[in-house]
Structures are given as structure tokens and as C-alpha cells.
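Q: A single structure is presented below for examination.
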Amino acid sequence: MCGIIGVLGDHEAAPVLVEALKRLEYRGYDSAGIATVNHGVLDRRRAVGKLVNLSDKLVHEPLAGKAGIGHTRWATHGAPTEGNAHPHRGRTVAVVHNGIIENYRDLKDELKGQGVTFETETDTEIVALLTQRYMDEGLSPVDAAYRTIDRLSGAFALAFLFDGEEDLIVIARMGPPLAIGHGDGEMYVGSDAVALAPLTDRITYLEDGDRAVVTRTSVEIRDANGDLANREIRLVRAEATRVDKAGYRHFMAKEIDEQPTVISEVINAYVPAGADAIEMPGIDVDFAKVDRLVMSACGTAFNACLTAKYWFEKLARIPVEIDVASEFRYREPPVVDGTVALFVSQSGETADTLAALRYCEGKADRILGIVNVPESSIARESSAVLELHAGPEIGVASTKAFTAQLTVLLLLALKAAGDRGTLSADQIADRLAALRGLPAVMNTALDLGETVERIAMAVSEARDVLFLGRGTMYPLAMEGALKLKEISYIHAEGYASGELKHGPIALIDTNVPVVVLAPDDDLFDKTMSNLQEVIARGGKVILISDERGIGRAGDGLWHAIPMPKVHADLAPILYAVPAQQLAYHTAVAKGTDVDQPRNLAKSVTVE
Ligand code: G6P
């Protein structure tokens, strides 16, 4: 989604802005722009497509000035054209925006009635033009911006820059995150700490409803009521913002390979060394007293929740209700006493997940957040938080955050099973021992990268791919399909193996690869029947299983990917690796933009 940066510096702003925008690229965007004030004059440059287009433009039409704002736009209202790119401006104000101004039509009609003309199809232009009107009526830039902010509804992170003001940026937040970076005699604003990382590690996060007047030497924050607000300056850990590719061709490849380390971090965080206990400080929930778990999330995080439903129900015998966050609150599900609500999000900022959380506020006994960004909105609004410890995830297609989510959720399910007495201490200890061995097992799976790459070359020719799985392999089939379509643009569907005969079997022919995820477990024989049904119709089966499973599957497989043997409950975490590698190598074979696939955003901060 859109990224915002602002600089009040001691040096030329344009290169700093473009550099910071590069660090925001991972969020997904389709145009970019910057504005600066130089000798009192406000000016801007914008370009469609990748940042290199903006940089090229700046070579031919440089923009001087030490104060500036910048933006990467992910189009919502209006096509990704230069005219719709931010910054938007009135005569003496420029604005960058992340989010959606929901009442922009009403405000636009109001201004049109006063003879104001609009140049763009965006919801953002109204912010610039309304501020301009208030300034024309005699308000100061700050008052004009604040008066405008008070009239906006929807979701917004905003930064304003003004003609004639070389030491002023006004910012506001209602929904999407926005942070202030404190420098020495310099001040910055940005959508996240990653964007600000090379500039400063001293960060203040705005709360919802906050607005602020930022100069090189001062920050004055007011809350939604207009009262002065004291927001702490936090020191951001370097590892929380380290975003280099470390020699890899793509962030996604690096993040896939980081998974054994991430799993170790998760285990270290929640299972004390040498103990057979799970410690989750702050999660003061006695699951013995919990009647029902409600889970919600989006995208890959939803697939992690769907997997966890199997664990919570089977291991801890807790009924689980689960839905994608974009549907959850519109169903108006009753959330009754005895319910714990659980929200899972890598970014902690996904608008629908946050809205689902807010729906549960005051209804659920406890709200638990599982996030990768501890300063995020979901973290702040949860009664207790479990961190993913995955480090920054830059590839739009989530990989290491997914397996970290699965690991945290499995540990939580085991804790719940302990509280409820549905697993004995020995049974829990068995699983913890297996989990401790998982990073090594995962490394073995990662070593199969070349095998998967060869298979991916063949898959890259396909137009459709089916993924089948049963039990916890069903959500993983959905995740495998999601990964493939996200980055290779091949149409893919994840199905429960048993549903094959109820529709998808009609698609099977010699051109459709069918990826079957099936460790040799209790459900293996059932899935093998489905696999035979595919082979009988000329389908090209890629079986991902262990040696024994592949042996038992017999002849007729198109390809097989042999996984190391692992405890059945851990299989979805391990089997995520070949599913991710298959998507990655297929995308590389097709030559798509792996880390920033078209139309996708890393953090979806609008509904
Ligand atoms: C976007 C991303 C996905 C992610 C989903 C949920 O669609 O491209 O990778 O799974 O949002 O994001 P979250 O940050 O809430 O996990």
C-alpha cells in the first residue's frame, strides 16, 4: 500500500526522499512522487511505474530544497497515472496520503459548488484543495490543515508541505500507521521504521486520531480531542529494520531460507531452554475456562489460522470459529462470554483484521494478537500479544512470517491442551522435542531447492494448477495455491482432497499439474485414493510426501518431492517450504517480479 516519507533536513531532500521511497517499495506501488520547498517555492515531480522512472525524471528536471515529502502510490481511486500520483496540491500546499477518504465525494461536491476545479480522479486531491480553501480564507497552514483533517472521515495517514514554509510538515493519522523520526537538527516522517532506518533509530509512533506539527527542532502532537499528547520516543532495534538481500537475488528467496533460524527464534522466545513448558508472558488466559476461540485474519495469515483450527480442536478440544477478516464483522457473529478472540497479522496493520478485532472489543473475554511488528495497531489494541520474531519480511508473498505464525499458533494450541488436560505432559513434551528438531529438518527440506526448481520449470508452462490436501494439509494446499498465483500469475486453486470429486476433477487433463501434499500419516490412504483418481484421468501429479509415502503412492507420479519424516502435527510447517519454493522457482522461470508482484501490496491498510 501507499508509502509516505517526509524530510526537514540539512541537505538536499530529493535524494533522501527517493532513497527512503526505495525502502518503502516492498509495500507495493504503481506510481511515485515527491514535492519540495526551495527558496519558499513549492514544486513537485511525479512518475508512473517503478521509482527509477521518478529518478530519471529528477535527473532531467531536478528538484532542489531541504524540505520535502514523498509517496509511493498503490492505486485505489483513479488509475495509476502521473496525474493521479501524489503529492497532490493546491496553489500553496502539497499533500501525500495513505488510506481512503470516504467522504471525498461530499467534500468534492461542496468545493465544486464554490467553483473549485479538480484535476484528478483521486480521493486525496480534496485534502489539498480543502486546505487551500481554508488558507485562502486566512487560516495559517497548520490551522487550515487541522480544520481539513477534522472534516475527513475514512482512513488516512497524511503529510502536508506548504509553499513559503521550509521548516514545517503537518501530519495526521487515522488508521494507517505514521511515525516521526528524530534526527539531530533534522526531523523525518515515514510510514514505518524501515523507511526511516538509515536516517534515525529514534521513532515516535502516532496514535489513531493524532495530528502533529513537525519542524527541524520540535514536534507538537495533539490527540483526537485537540489536547497536547505525549508520545514516547522509542529506540528501534537495528535488526527490526535490516532489509538487505544478503546476496540473494530476491528477498523472497532469502526469507524462505531464513525459516529454520526464525523457527529457532520462536522456540527460544516461548520455550525456555531445557524445559518442557511453554511460557507466554502476558497471555494470562486459562484455556480450561475458555468455551470458544474466534480467529480471523487475511491472506496467508488466514491460512495459518485455518491450520491452527485443526490443532486447537484436535489437540486442545476447543471449538474454533474462523473467518476471513473482510467477512467476519459483516456477518455480525455473536461473540459471547467465554470467547477468546485471536487475530493474526504479519504487519499488524491490515485494515480488515483490525476492524474484526475492534468488532470483538468489549465482547470477547480476551483479545490476543499474533503479529510480527510489535508497534503495530493490532499489537497495541490487543489485550496481549505474541510476537512472531521473524524479522522484517520484505517479499510481498509471505513466507517466513507464515511458518512463524504456524509455530506460535502450534505452541499456543499446546499450551491450551496443557491447561485443559487434553494432552498429557509427556505428549506435550514429545511435540516440543519434535519442534526443537524442526529447524534442522527444515534445512534438509531447503536442500531440495534444486529438485523443486527443476519441477518448477515444467510447472511454469501450465495455465492452471491444483493443490490438494487433507487435514492440516488442506489449508496448506490453499497457501501453496495462493503463493503460486501471487507471484507467478498462474491460476491455482487449493482444495480439500475429498472435494476433488465435487467439482475440480472436471478440470483435470494432461495439462493441469496437481500438487498433492500428503505426508504418510493417518489420512494418507484416503488422499492416495484421490491421487489415483487424478492419475486415472491423465492428470500430472506432483506428490510432496516422505520417502515411505512416495513409495506407497506407486507408479504414475509426474514428479515427487521427498520430505524428511516429521511429527504429524508439525508437517504443515515443514511442507510449507516446498510449496513456497515451487511458487518461487516457477515465478523466476516465468520472469515475473517476484518481490513486488503486480497489483499486490504487502500491507493492506484499506478495506
Ligand atoms: C497482503 C499480503 C499478504 C498477507 C496479507 C495479510 O495480501 O500481500 O502476504 O498475507 O496481506 O497481511 P498481514 O500483514 O495482516 O499478515
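Q: Do we find a residue being in contact with a helix residue (DSSP H, G or I) (Cβ under 8 Å, 6 or more places away or on another chain), open to solvent by 10 Å² or more (accessible area, probe 1.4 Å) and assigned to a loop (DSSP other than H, G, I, E, B) anywhere in region 183-194?
A: yes
Q: Is there any pair linking a residue in region 484-495 that is without any contact (Cβ under 8 Å) to a residue 12 or more places away in the chain to one that is open to solvent by less than 30 Å² (accessible area, probe 1.4 Å) and more than 13 Å from the ligand (Cβ to nearest atom), with Cβ under 6 Å and at least six apart or on different chains, and which?
A: Pairs found: K485/A492.
Q: Now a separate question. Sort out which residues of region 138-176 are closer than 13 Å to V189 by Cβ and in a strand (DSSP E or B), and write them in order of number.
A: Pass one, region 138-176, residues closer than 13 Å to V189 by Cβ: 157-161, 168-173, 176.
Result: A157, L158, A159, F160, L161, I169, V170, I171, A172, R173.
Q: Conditions first: (1) of a type in the set (S, T, Y); (2) assigned to a loop (DSSP other than H, G, I, E, B); (3) more than 16 Å from the ligand (Cβ to nearest atom). S603 passes all but one, so which condition is the exception?
A: (3)
Q: Residues in region 578-600 that are farther than 19 Å from N372 by Cα, assigned to a loop (DSSP other than H, G, I, E, B) and within 16 Å of the ligand (Cβ to nearest atom): how many?
A: 8
Q: With respect to G471, determine if the residue is open to solvent by 10 Å² or more (accessible area, probe 1.4 Å) and either over 28 Å from R598 (Cα atoms) or in a helix (DSSP H, G or I) (or both).
A: Spelling it out, G471 is indeed open to solvent by 10 Å² or more (accessible area, probe 1.4 Å) and either over 28 Å from R598 (Cα atoms) or in a helix (DSSP H, G or I) (or both).
Q: Quick one: in region 234-270, which of the residues that are of a type in the set (A, V, I, L, M) and modelled with pLDDT under 95 is nearest to E25 (Cα to Cα)?
A: V243
Q: Something else: Just to be sure before I move on: is T403 surrounded by 24 or more Cβ atoms within 10 Å (Cβ to Cβ), at pLDDT 95 or above, among the β-branched types (V, I, T) and more than 11 Å from the ligand (Cβ to nearest atom) in the structure I sent?
A: So T403 passes the test.
Q: Continuing with the same structure: Do we have any residue at all in region 485-497 that's touching a Gly at 6+ places or on another chain (Cβ under 7 Å), of a type in the set (S, T, N, Q), crowded, with 23+ Cβ neighbours inside 10 Å and closer than 24 Å to S529 by Cα?
A: Yes, because at least one residue in region 485-497 is touching a Gly at 6+ places or on another chain (Cβ under 7 Å), of a type in the set (S, T, N, Q), crowded, with 23+ Cβ neighbours inside 10 Å and closer than 24 Å to S529 by Cα.
Q: Here's something else I'd like to know. Name every residue in region 342-352 that is acidic (D, E) and more than 8 Å from the ligand (Cβ to nearest atom), in order of residue number. Steps first, please.
A: Keep residues of region 342-352 that are acidic (D, E), which gives 349, 352.
Matches in region 342-352: D352 only.
Q: Oh, and also: So D30 passes all but one of these: (1) open to solvent by less than 20 Å² (accessible area, probe 1.4 Å); (2) within 16 Å of the ligand (Cβ to nearest atom). Which condition number does it fail?
A: Unmet for D30, out of (1) open to solvent by less than 20 Å² (accessible area, probe 1.4 Å); (2) within 16 Å of the ligand (Cβ to nearest atom): (1).
Q: Please go through region 96-112 and give me each residue that is over 23 Å from T350 (Cα atoms) and in contact (Cβ under 8 Å) with a residue 24 or more places away in the chain, ordered by number.
A: Within region 96-112, just L107 meets the criteria.
Q: Still on this model: For the structure I just gave you, tell me whether V324 is within 16 Å of the ligand (Cβ to nearest atom) and either over 28 Å from P392 (Cα atoms) or surrounded by fewer than 21 Cβ atoms within 10 Å (Cβ to Cβ) (or both).
A: Answer is yes for this residue.
Q: Could you tell me which numbered condition T122 fails, if it satisfies all but one of (1) in contact with a Gly (Cβ under 6 Å, 6 or more places away or on another chain); (2) more than 24 Å from D352 (Cβ to Cβ); (3) not in a strand (DSSP E or B)?
A: Status for T122: all satisfied but (2).
Q: Being within 16 Å of the ligand (Cβ to nearest atom) and either crowded, with 24+ Cβ neighbours inside 10 Å or assigned to a helix (DSSP H, G or I) (or both) narrows it down to one residue among L466, L432, L482; which is it?
A: Numbers: L466 fails: within 16 Å of the ligand (Cβ to nearest atom); L432 fails: within 16 Å of the ligand (Cβ to nearest atom).
Just one listed residue meets the conditions, L482.
Q: Identify, by number, the condition in (1) within 16 Å of the ligand (Cβ to nearest atom); (2) over 21 Å from the mean Cα position of the chain (by Cα) that A355 doesn't meet.
A: Against the list (1) within 16 Å of the ligand (Cβ to nearest atom); (2) over 21 Å from the mean Cα position of the chain (by Cα), A355 comes up short only on (2).
Q: Related question: Within region 368-395, restricting attention to residues that are among the β-branched types (V, I, T) and surrounded by fewer than 24 Cβ atoms within 10 Å (Cβ to Cβ), which residue is nearest to the ligand (Cβ to nearest atom)?
A: I394
Q: Out of region 119-134, which residues are under 33 Å from the mean Cα position of the chain (by Cα) and surrounded by 15 or more Cβ atoms within 10 Å (Cβ to Cβ)?
A: Result: T120, T122, D123, T124, E125, I126, V127, A128, L129, L130, T131.
Q: Further question on the same structure: Of the conditions (1) open to solvent by 20 Å² or more (accessible area, probe 1.4 Å); (2) farther than 18 Å from L130 by Cβ; (3) touching a residue at least 12 places away in the same chain (Cβ under 8 Å); (4) not polar (S, T, N, Q), L228 clears all except one; give me its number.
A: (3)
Q: Looking at (1) within 12 Å of the ligand (Cβ to nearest atom); (2) in a loop (DSSP other than H, G, I, E, B); (3) closer than 28 Å to A571 by Cα, find the lone condition where A277 falls short.
A: The failed condition is (1).
Q: Name the pairs whose Cβ atoms lie under 9 Å apart, with the first residue in region 328-350 and among the aromatic types (F, W, Y), the second away from the ligand (no atom under 15 Å from the Cβ) and modelled with pLDDT of 95 or more, and 6 or more positions between them or separate chains?
A: F328/V294; F328/Y359; F328/C360; F343/C360; F343/I367
Q: Please determine whether any residue of region 517-525 is over 15 Å from T472 (Cα atoms), modelled with pLDDT under 95, open to solvent by less than 10 Å² (accessible area, probe 1.4 Å) and not hydroxyl-bearing (S, T, Y).
A: no
Q: When region 195-223 is examined, which residues are found to be small (G, A, S), open to solvent by 20 Å² or more (accessible area, probe 1.4 Å) and modelled with pLDDT under 95? It would help to see each step written out before you state the result.
A: To start, the set of residues in region 195-223 that are small (G, A, S) comprises 195, 197, 209, 212, 218.
Subset that is open to solvent by 20 Å² or more (accessible area, probe 1.4 Å): 197, 218.
Across region 195-223, the qualifying residue is only A197.
Q: Of the residues I550, I542, I573, only one is closer than 17 Å to V465 by Cα and away from the ligand (no atom under 16 Å from the Cβ); which?
A: I542
Q: Which helices (runs of 4 or more DSSP H) does region 310-419 wholly contain that include 3 or more residues that are closer than 30 Å to N443 by Cβ?
A: In region 310-419, no matching helices (runs of 4 or more DSSP H) lie anywhere.
Q: Only one of (1) within 13 Å of the ligand (Cβ to nearest atom); (2) touching a Leu at 6+ places or on another chain (Cβ under 7 Å); (3) open to solvent by 10 Å² or more (accessible area, probe 1.4 Å) is not met by L306, so which one is it?
A: Only one criterion in (1) within 13 Å of the ligand (Cβ to nearest atom); (2) touching a Leu at 6+ places or on another chain (Cβ under 7 Å); (3) open to solvent by 10 Å² or more (accessible area, probe 1.4 Å) is unmet by L306, namely (2).
Q: Still on this structure, I have one more. Let me spell it out: the conditions are (1) open to solvent by 70 Å² or more (accessible area, probe 1.4 Å); (2) in a loop (DSSP other than H, G, I, E, B), and V243 meets all of them except one. Which number is the exception?
A: That leaves (1) as the condition not met.
Q: Separate question: Exactly one of (1) under 23 Å from V594 (Cα atoms); (2) touching a Ser or Thr at 6+ places or on another chain (Cβ under 6 Å) is unmet by G395. Its number?
A: (2)
Q: Is it the case that P504 is within 25 Å of T444 (Cα to Cα), more than 16 Å from the ligand (Cβ to nearest atom) and not hydrophobic (A, V, I, L, M, F, W, C)?
A: No, not satisfied.
The values are calculated or read from the model by the stated rules, or taken from the named source; none is laboratory data. Keep in mind that this is a model prediction, so the values were computed, not measured. All Cβ positions, even for glycine, are placed from backbone atoms using ideal geometry, and neighbour counts span all protein chains on display. Only protein heavy atoms, including side chains, enter the accessible area calculation; ligands, DNA and RNA are left aside. Shrake-Rupley method; radii C 1.70, N 1.55, O 1.52, S 1.80 Å.
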